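Enquirer: My questions all concern the structure below.
What follows is calculated from the coordinates using simple rules that are stated; it is not laboratory data. Quick caveat: nothing in here was measured; it's all calculated off a predicted structure. Positions of Cβ are generated from backbone atoms using ideal geometry, with glycine treated the same way; all protein chains shown enter the neighbour counts.
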Amino acid sequence: MEDKSSAEMPPRRSRSAFACALAIAAMAVATAGSFTGCSSKIDDSAQAASVSASNVTLTAAQRQNIHLYTVESAKFRKTFDTAGTVDFDNDQATSVLAPFSGPVSKLLVSPGDQVKKGAPLALVDSPDFAAGIDAYRKALATARTNRRLADLDKDLLEHHGVAQREADQAETDATNAEADRDAALQALVSLQVDSQTIKDIDAGRPIAHPAGVIRAPIAGTVVEKLITPGELLQAGTTACFTVADLSRVWVMAQLFGSDLAAVNRGDPAEVETGIAANRLSGTVDNISALVDPDTRAVQVRVVVENPGNVLKKQMYVRVLLRAREESTGLLVPVSAMLRDNENLSFVYIAKPDGSFARQHVTLGYRAGDQYDVAAGLQAGDKIVVEGGIFVQFMQNQ
């Protein structure tokens, strides 16, 4: 037993030692692997940092595809491209209100008709019209009678036929009657009674059927018809028509924020409709003092000549506002601008040692195919305007 035991012991010790050695080796390998992994990560991050921070150096052959641009200060006029809507020129458009009450008997015009000032637009069976004519007739007759009596008393006074008091009273009555006549005549004018009807009344000629006539207060185009036959009108309240001179219209454009500082009254503007091939010229006439609470925009009113009535009310148009005053800035071609992973704008600037470095910039106004760089560059800097994508590719290698 002892021999067997002594003979079997060495193999057991050998197996225990072997297992221990395997464990130690595994730990060593794992430890070595962990150190190797850490070393790889450190090297990668260091390499990435060095790539993002280092400048790009190109060979002479590679530089053949790179074009540089020298940044200089330049003057330019800002142009703002915005949207607008067409409206009537309210200085040349008016809403026609009913001058008297009564039902509409006949419409005489339709939307789109050209009318002259004073042209009849509709007929109304108005009691106000008839009452106004009757009042004028009575006032006219009373004034004539009182004036004749006053002149008669004046003649009698010279021959001592009446007392001074009676002659003065007759003159007063005549003057009051003439004032009433003038007031009744003015009432007819306000009711838009035509001059021929007034002449007929003055001459004592009968009027067959006195009808109220709504007339155009200005010359222009009937752009809206707001009443129908039989509709009951209320004097001074019911809107009947809209007449406008469409040879000139307003375009209400929208401007935002800092753009307002560059636009002033009198600045030229152009309007595109998408229908007419040519642009219509206009002028900035007014800049609103209020901000639209919904859009946060400020309305800019542009007065535009409208040949052929191309512009219609509520039409959407494109508006180009051009500043008269010149601005000064560092203009850089759009082709020089690149974007990084955070979507920030940058350019590649040439260094004295021949390398190229990223330079982040702040972009301002865009003038055509150039940007006004507000910050990041100085006059005299040389930047890459063609081949910037290739330089970025080389930097990322």
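Enquirer: Net charge near CYS240: determine it from the other residues with C-beta under 10 Å of the C-beta of CYS240, scoring Lys and Arg +1 and Asp and Glu -1.
Expert: Taking every Cβ under 10 Å from that of CYS240, the sum is -1.
Enquirer: Same structure, new question: Exceeding 26 Å between C-alpha atoms, which entries from my cross-link table qualify? They are LYS75/LYS312; LYS116/LYS138; LYS225/LYS313.
Expert: Violating the 26 Å Cα-Cα cut-off are LYS75/LYS312; LYS116/LYS138.
Enquirer: Moving on to the next point. Between GLN62 and GLU326, what length in nm is gained on full extension when 0.36 nm per residue of separation is reduced by their alpha carbon distance?
Expert: Gain on stretching GLN62 to GLU326: 91.1 nm.
Enquirer: To continue, here is another question. For region 127-210, give the magnitude of the charge dipole about the Cα centre (Cβ charges: +1 Lys/Arg, -1 Asp/Glu; no others), in debye to the nearest 20.
Expert: Approximately 280 debye in magnitude.
Enquirer: State, to one decimal in nm, how far the label point of SER73 lies from the label point of SER195, with both points 7 Å from Cα in the Cβ direction.
Expert: 6.7
Enquirer: Run the simple label-point estimate for SER355 and ALA131 please: 7 Å along Cα→C-beta, distance reported in nm.
Expert: 9.7
Enquirer: Given Cα pairs under 8 Å that are at least 6 residues apart, what percent is the relative contact order of the chain?
Expert: After rounding, I find 25 percent.
Enquirer: Arrange the following residues from fewest to most other Cβ atoms within 10 Å of their Cβ: LYS78, LYS313, LYS117.
Expert: LYS117, LYS313, LYS78
Enquirer: Summing +1 for each Lys or Arg and -1 for each Asp or Glu, what net charge is found among the other residues whose Cβ lies under 9 Å from the Cβ of ILE349?
Expert: So the surrounding residues net to +2.
Enquirer: Taking only C-alpha pairs under 8 Å that are 6+ residues apart, what is the relative contact order of region 127-210 in percent?
Expert: Here the relative contact order equals 40 percent.
Enquirer: Net charge near ASP180: determine it from the other residues with C-beta under 13 Å of the C-beta of ASP180, scoring Lys and Arg +1 and Asp and Glu -1.
Expert: +2
Enquirer: By how many nm would the segment from LYS382 to THR228 lengthen if fully extended, with 0.36 nm per residue of separation less the alpha-carbon distance?
Expert: Length gained between LYS382 and THR228: 48.1 nm.
Enquirer: Can I ask one more? Based solely on its DSSP helices, what 222 nm [θ] is calculated for the chain when runs of n ≥ 4 H residues each add -39,500 (n - 2.57) and the sum is averaged over all residues, nearest 500 deg cm²/dmol?
Expert: About -11500 deg cm²/dmol.
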